[in-house]
Amino acid sequence: MKDLNLVICGVGGQGTLLASRILGNAVTDAGYDVKVSEVHGMSQRGGDVQSFMRISDRPIYSDLIAKGRADIILSVEPMEALRYLPYLREGGFVVTNSTPFINIPNYPEVEKVMSTLKSLPHQVIIDADTIAKESAGNVRASNFVMLGAASPFIEIPFEYLEEGIRAIFSRKGAEIVEMNLKALRAGREFAQNYK
């Protein structure tokens, strides 16, 4: 695997940090070095939440990503994808939910946000909320739809992500595990067929 820099972002309460944790565990289990830096912001009040994640097959000494160096921006909310665009390298991918989480009175016009995101040369825009509800029966699994949608761009076997979900949710029962696995798989399938 070449070095991979990811920015994982969203709004407090969307499961951004949980998706980051599962990905970090999966990458570690696959034998790679990983460094993660999290910013929780005012997450309990719907504030900006993000993780910088650096992955490599050799030792990593810093968890920070410089502007213009992120290979992937994985965003559980479209405006947050825009916030972190300065970190995206030329040729990098944006994988974002199309469903806005309008938590501020001056949220930009959704059409303008989506138009900007759709104009990017390498993007996957997915209605993760609808897919989570249809595939898993619960919109709260949209973070795993998003993780699944980013998975084709992360060079680890998909089974490690599935195992990460099993490990974290097994104590909550087989039904919760299966719900989240369905969401993860639906997101991956969407991204693999995205044009």
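Return the residues of region 71-99 that are assigned to a strand (DSSP E or B) and under 13 Å from the mean Cα position of the chain (by Cα); say none if nothing qualifies.
Asp71, Ile72, Ile73, Leu74, Ser75, Phe93, Val94, Val95, Thr96, Asn97
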Among the residues of region 5-28, which ones are at pLDDT 95 or above and either among the hydroxyl-bearing types (Ser, Thr, Tyr) or open to solvent by 10 Å² or more (accessible area, probe 1.4 Å) (or both)?
Asn5
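Within region 139-182, which residues are of a type in the set (Ser, Thr, Tyr), open to solvent by 20 Å² or more (accessible area, probe 1.4 Å) and free of Cβ contacts under 8 Å to residues at least 60 places away in the same chain?
Selection gives Ser170 alone.
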Would region 61-78 turn up any residue that is open to solvent by 40 Å² or more (accessible area, probe 1.4 Å), modelled with pLDDT of 95 or more and closer than 19 Å to Thr16 by Cβ?
no
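The values are calculated or read from the model by the stated rules, or taken from the named source; none is laboratory data. Everything quoted here is computed from the prediction, not taken from an experiment. Here the Cβ is made from the backbone with ideal geometry for all residues, glycine too, and neighbour counts use every protein chain on show. Note: accessible area is taken over every heavy atom of the protein model, side chains too, but ligands, DNA and RNA are not part of it. Shrake-Rupley method; radii C 1.70, N 1.55, O 1.52, S 1.80 Å.
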